[in-house]
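Everything on this sheet refers to the single structure shown next.
Every number in this text was worked out from the coordinates using simple rules, so none of it is lab data. What you are looking at is a predicted structure, and each value in this text was computed from that prediction instead of being measured. Heads up, the Cβs are rebuilt from the backbone with ideal geometry, glycines too, and the neighbour counts pull from every protein chain shown.
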Ligand SMILES: Nc1ncnc2c1ncn2[C@@H]1O[C@H](COP(=O)(O)OP(=O)(O)O)[C@@H](O)[C@H]1O
Ligand SMILES: [Mg+2]
């Protein structure tokens, strides 16, 4: 590749070790001084977090530690008592986000077709029909949809419904995609399918993704980083990087690096639950 470039645009010579280092991701979302209490009991106090751009971060921790609340505060669905959340220095108001809810059955509009569900946010934004169709067609190609999108949600399987939810969430090209337990209502086969689709969508769009999961395997499988939370009052127990190359296929769960990261994550989790 570089042979065809003029000499002036060739990068300066660097030691081999520097050339082979992956570029450090920049920060996309900053959470500063976040506090939240429910019924007078603190959940988060002066909580800080950086989310890296274009990466997948899984949030994992004990039941009730505040995984969903943290994600929902970042996504603007739950109001923090104090603190600041910025996206590239911008507020949520100036940022495009997508959200995939845990319960896909309740998340889709039952009175319109799957196709119209996906088109909904585009039409809401005021796009003209040809542009709406072009974008839905792109998503259909990206997700390699083989089922009939003219069908209504109740006519689809759970995995198909969740696929439609994910397509809808990506329709307006969000900067950040939030997913709360996207696999928890799916059978194993569909979990594998949705894992594949999420990875493909991530590779194709570079969207920053935040996934809450109560399943350790799901949490590690897709993650560039696993954000491990403590019990309440909730702090960061550890941020565990996981660098297995993508796309990760189902067999990746037997990869020694996957096994190592999962075991380490489990150890931290056990320590926190028993703390
Ligand atoms: N709207 C609410 N009102 C009162 N308590 C809440 C509310 N939302 C969450 N909580 C409490 O905050 C804690 C964290 O909840 P949540 O974020 O849903 O945990 P997780 O997703 O980690 O299981 C739990 O103890 C939960 O009962
Ligand atoms: Mg939750």
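A few points about this structure:
- Cα gyration tensor shape of the stretch 104-173, rounded if a/c is under 1.5, else prolate or oblate by comparing a/b with b/c: prolate
- The stretch 176-246 versus the stretch 248-275: alpha-carbon centroid distance in Å: 13 Å
- Applying 1/(1 + (r/R0)^6) with r as the Cβ-Cβ distance of residue 137 and residue 106 and R0 = 25 angstrom yields a FRET efficiency of 0.40.
- Counting only DSSP beta bridges whose two residues both lie in the chain, roughly 55 percent are antiparallel.
- The stretch 72-224 shape via C-alpha gyration tensor axes, a/c threshold 1.5: oblate
- The stretch 41-57-the stretch 91-169 distance, computed between alpha-carbon centres (Å): 28 Å
- Potential lengthening between residue 264 and residue 216 on full extension [0.36 nm per residue; Cα-Cα distance subtracted]: 16.2 nm
- Legend: calculated FRET efficiency, residue 239 to residue 275, from the Cβ-Cβ distance at R0 = 25 Å, rounded to 0.05, equals 0.90.
- Most mobile listed residue (119, 254, 37) in the chain, GNM with C-alpha springs under 10 Å: 254
- GNM flexibility winner over the chain from 229, 179, 122 (Cα, springs under 10 Å): 122
- Estimated 222 nm signal from helices in the chain, with DSSP H stretches of n ≥ 4 weighted -39500 (n - 2.57), rounded to 500: -11000 deg cm²/dmol
- Extending 7 Å from Cα along the Cβ direction at residue 253 and again at residue 184 yields two label points whose distance is 1.9 nm.
- Based on C-alpha pairs under 8 angstrom that are at least 6 apart in sequence, the chain has a relative contact order of 24 percent.
- Applying 1/(1 + (r/R0)^6) with R0 = 22 Å to the Cβ-Cβ distance of residue 93 and residue 50 gives a FRET efficiency near 0.60.
- Label-to-label distance, nm, for residues given as residue 200 and residue 32 (7 Å Cα→Cβ offset): 4.1 nm
- Three-way shape label, the chain, alpha-carbon gyration tensor, a/c 1.5: rounded
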